[in-house]
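Structure first, then comments.
The values are calculated or read from the model by the stated rules, or taken from the named source; none is laboratory data. Remember, predicted model here, so these are calculated numbers, not experimental data. Ideal geometry is used to build each Cβ from the backbone, glycine not excepted, and the neighbour counts take in all protein chains shown.
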Amino acid sequence: MHCPFCQHEDTRVIDSRVSEDGSTIRRRRECEQCNERFNTFEVAELKLPAIVKSDGRREAFDERKLRTSFDRALQKRPVSAEQIDGAVRNVVHALRLTGERELPSLRVGEFVMAELKQLDQVAYVRFASVYRKFEDVQAFREEIERLERDLPGLEGLQLPLLDAVVGKAKR
């Protein structure tokens, strides 16, 4: 690696450390000519599939957009940043495992919904309402009933969802 200070062609690694999550390696280097020290970071570069939007446009996958989707759905919900990070990692991992060069945005949305369903039922319904373009209270009610059928083991872990939505709709 070239020295960023004097552009000498040879530097040596004096220390290497793996990050906590194991995704990067930090290397401490020293230039053999000017003796300056600097850090480099090594990460695996893996190609994620391009995302095909509903109107046919293709975009490179953007992890920031994915994180923003989770943040919006989970706004003011009792979910930690670590849990959100884990959900984002799970979606990215699922995208890689498809092995596809392109994926429809609807498929990415399904991965997000699967993660939200496990994290927080309210966030799941929030996201589903936008993702599935709910038009009325009945659409919310149907999604909540579907959620309750799909997750019988999670009953009691969160406040009852249907009562809260129906109560607000009556007001």
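Of note:
- Extreme residue, nearest to the chain's Cα centre (by Cα), among residues of the range 54-66 that are surrounded by fewer than 14 Cβ atoms within 10 Å (Cβ to Cβ) and assigned to a helix (DSSP H, G or I): E63
- For the range 40-78, residues that are under 30 Å from I14 (Cα atoms) and aliphatic (A, V, I, L, M) total 3.
- Check on Q83, surrounded by 13 or more Cβ atoms within 10 Å (Cβ to Cβ), touching a residue at least 24 places away in the same chain (Cβ under 8 Å), under 30 Å from L147 (Cβ atoms) and not hydroxyl-bearing (S, T, Y): yes
- The condition (being touching a helix residue (DSSP H, G or I) at 6+ places or on another chain (Cβ under 6 Å) and not in a loop (DSSP other than H, G, I, E, B)) is satisfied by just one residue among I84, I25, I14: I84.
- Within the range 90-109, the set of residues being surrounded by 14 or more Cβ atoms within 10 Å (Cβ to Cβ) and free of Cβ contacts under 8 Å to residues at least 24 places away in the same chain comprises A94, R107, G109.
- Filter result for S69 (without any contact (Cβ under 8 Å) to a residue 60 or more places away in the chain, of a type in the set (S, T, Y) and outside any helix (DSSP H, G or I)): no
- Just so you know, in the range 28-53 the residues that are surrounded by fewer than 10 Cβ atoms within 10 Å (Cβ to Cβ) and part of a loop (DSSP other than H, G, I, E, B) include one that is modelled with the highest pLDDT, and it is K47.
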